[in-house]
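Step one of this worksheet: look at the structure below.
The values are calculated or read from the model by the stated rules, or taken from the named source; none is laboratory data. Because the structure is a prediction, the values reported are computed rather than measured. Neighbour counts run over all protein chains shown; Cβ positions are idealised from the backbone, glycine included. Remember, those area values only see protein heavy atoms, side chains included, never the ligands or the DNA or RNA. Shrake-Rupley method; radii C 1.70, N 1.55, O 1.52, S 1.80 Å.
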Amino acid sequence: MLGSIIHKILELSNKREVDASTFEEQWEATFVQAEKDYFKNPYNKQFANLKYWLPFYSVKKEITRLRIAKLPATKLNNQVFHTGKHNSYSQAEESINYQFLTGVPDLIEYKKGKVYITDYKTGPIYTCKNGKIKGIKREYEEQLKTYGLIIKKREGIKAENIILSLENVSSGEIEKRTFKEDEYEGHFADLKSRIEVVNRHVDTGTHQALGNPGTPACKNCQFRPICSKYAVWLKTSLENSIDLYMEYADLLQQSGGYCLKTREGSAVMNIPNSVINQVKDCLNEGFFIYNLSQSKNDPKHYYWTRYSALYKA
Ligand code: SF4
């Protein structure tokens with residue numbers, strides 16, 4: 001959540017709609033709106049005084065303020081690039097497309113025939129091993145390269161004139177990348193072949209074979225309840241925080257609704273009356289519950305949310 005607030009502020013800053021003098025006011029307005037959205041889910045109300053629950057809230061806010069204060073005061077245009085124009089101007093959070101590729105870089109700046117593409121991250125940008133930096137995260141490098149590829153193909157710009165940057169707004173770390181012509185072409189061919197593989201599986205109805213479940217990959221995937229690979233993974237996954245596989249649970253009536261308890265000690269609380277028959281129907285079998293809210297105090301305790309759903313295994 002803090003990440004999306006910082007992103008929003010940086011986006012406004014890139015459009016020159018916020019500067020050092022209006023930062024406080026804009027930050028508060030963005031935070032209040034984000035907080036309002038967050039508390040639409042009644043189970044999130046346990047995190048009242050949200051600022052105190054967000055790790056490094058004050059530090060990250062101050063870093064964002066400093067970053068914005070450092071930006072030059074010149075007003076940049078926020079217009080879409082047209083082939084043939086190579087003057088200085090920028091576009092922030094605009095969708096870019098080429099054939100089957102699409103992306104939304106945080107910032108694109110055109111200066112004297114060169115294109116500078118920047119993507120901001122609010123968390124670590126490096127992979128580390130034994131305390132040593134191994135390089136920028138593979139998925140971030142691929143994301144940057146794809147943005148560069150779209151611009152290169154769409155605008156016909158030479159590879160050497162596309163400068164890609166990844167910036168960690170929390171730590172201030174910046175990584176720059178350029179790619180060669182053949183690296184872009186190789187990436188384009190690779191992406192094309194990946195899409196062909198996916199299409200082939202979709203055509204033959206074997207798309208379940210494509211699943212490669214894991215916590216970061218699946219966390220925001222809306223297909224979790226119908227993905228058989230994910231279901232298999234979930235049965236043995238102890239690191240999951242939003243979905244749960246349960247077997248032979250007890251159903252107890254409590255003041256805030258029903259509570260499901262497993263022998264291993266996991267519990268799902270606040271189950272509403274409206275779904276209780278469905279729950280009873282599954283009690284002696286394995287079943288999955290999706291979109292729970294995990295307790296901050298006890299990782300084995302979950303709350304039923306209005307997005308939660310139960311499926312037989
Ligand atoms: S839930 Fe299935 S489809 Fe979704 S990301 Fe995970 S493996 Fe892929």
Once the dipole of region 99-240 is set up from charges on Cβ (+1 Lys and Arg, -1 Asp and Glu), the residue from the list S171, G186, T146 lying farthest towards its positive end is S171
Would you tally the net charge around L210, using a Cβ to Cβ cut-off of less than 11 Å, leaving L210 out, and scoring K and R as +1, D and E as -1? +3
Beyond 32 Å, the calculated P(r) of the chain holds a percent of Cα-Cα pairs equal to 45
Violating pairs (Cα-Cα greater than 24 angstrom) within the set K219/K280; K70/K145; K60/K111; K60/K137; K70/K219; K45/K280: K219/K280; K70/K145; K60/K111; K70/K219; K45/K280
Per residue accessible area of region 215-312, 1.4 Å probe, in Å²: 59
FRET efficiency for N212 and D250, using Cβ-Cβ distance with R0 set to 35 Å, rounded to 0.05: 0.50
Can you find, among I276, M1, V115, the residue farthest towards the positive end of the dipole of the chain? Put +1 on the C-beta of Lys and Arg, -1 on that of Asp and Glu. V115
What residue among N270, N220, N161 shows peak mean-square fluctuation when the chain is described by a Gaussian network model with Cα springs under 10 Å? N220
Once the Cβ-Cβ distance between F100 and E25 is put in as r, and R0 is 30 Å, what FRET efficiency do you end up with, to the nearest 0.05? 0.10
Holding the Cα-Cα limit at 28 Å, pick out from K152/K176; K8/K229; K121/K158 the pairs that are longer than that. K8/K229
Between R154 and E17, how high is the FRET efficiency from 1/(1 + (r/R0)^6) when r is the Cβ-Cβ distance and R₀ = 30 Å? Nearest 0.05. 0.70
Tell me what the chain gives for mean residue ellipticity at 222 nm when only DSSP H runs of n ≥ 4 count, each as -39,500 (n - 2.57), the sum divided by the residue total, rounded to 500 deg cm²/dmol. -10500 deg cm²/dmol
For K219, placing the label point 7 angstrom along Cα-to-beta-carbon and taking region 119-142, residues whose amide nitrogen sits under 13 Å are 122-124
Using a 7 Å offset from the Cα along the Cα-to-Cβ direction at both S171 and E139, what is the distance between the two label points in nm, to one decimal? 1.7
With a probe of 1.4 Å, find how much accessible area region 2-70 has per residue, and write the answer as a whole number in Å². 56
Quick check for me: using +1 on Lys/Arg Cβ and -1 on Asp/Glu Cβ, what's the dipole size of region 130-215 about its Cα centre, in debye to the nearest 20? 80
How much of the calculated P(r) for region 2-70 lies past 19 Å, in percent of all Cα pairs? 32
May I ask for the percentage of alpha-carbon pairs in region 218-283 that lie more than 19 Å from each other? 41
Of the accessible area of the chain, computed with a 1.4 Å probe and all protein chains kept, carbon and sulfur make up a percent value of 51
Please state the charge dipole magnitude for the chain, taken about the Cα centre, from unit charges on C-beta atoms (+1 on K and R, -1 on D and E), reported in debye and rounded to the nearest 20. 320
If you average the sequence gap of Cα pairs under 8 Å that are 6 or more apart and divide by the length of the chain, what percent do you get for the contact order? 10
What distance in nm separates the simple spin-label points at H187 and A48, each placed 7 Å from Cα in the Cβ direction? 4.9
Would you mind computing, in nm to one decimal, how far apart the modelled labels at N41 and R200 are, each placed 7 Å from Cα along Cα→Cβ? 3.9
Please work out the Cα center distance from region 255-277 to region 1-43, rounded to the nearest Å. 35
Select from I242, N297, C221 the residue farthest towards the positive end of the dipole of region 215-312; place +1 on Cβ of Lys and Arg, -1 on Cβ of Asp and Glu, and compute about the Cα centre. C221
Evaluate 2.2 N^0.38 Å with N set to the residue count of region 113-219, then give the Cα radius of gyration divided by it. 1.27
Per 5 angstrom bin, beginning at 0 and ending with the bin that holds the maximum distance, the Cα pairs of region 197-313 fall in percents of 2, 11, 21, 23, 17, 11, 6, 4, 3, 1, 0
Taking Cα atoms, the helix 2-14 axis meets the longest principal axis of the chain at an angle in degrees (rounded to 10) of 20
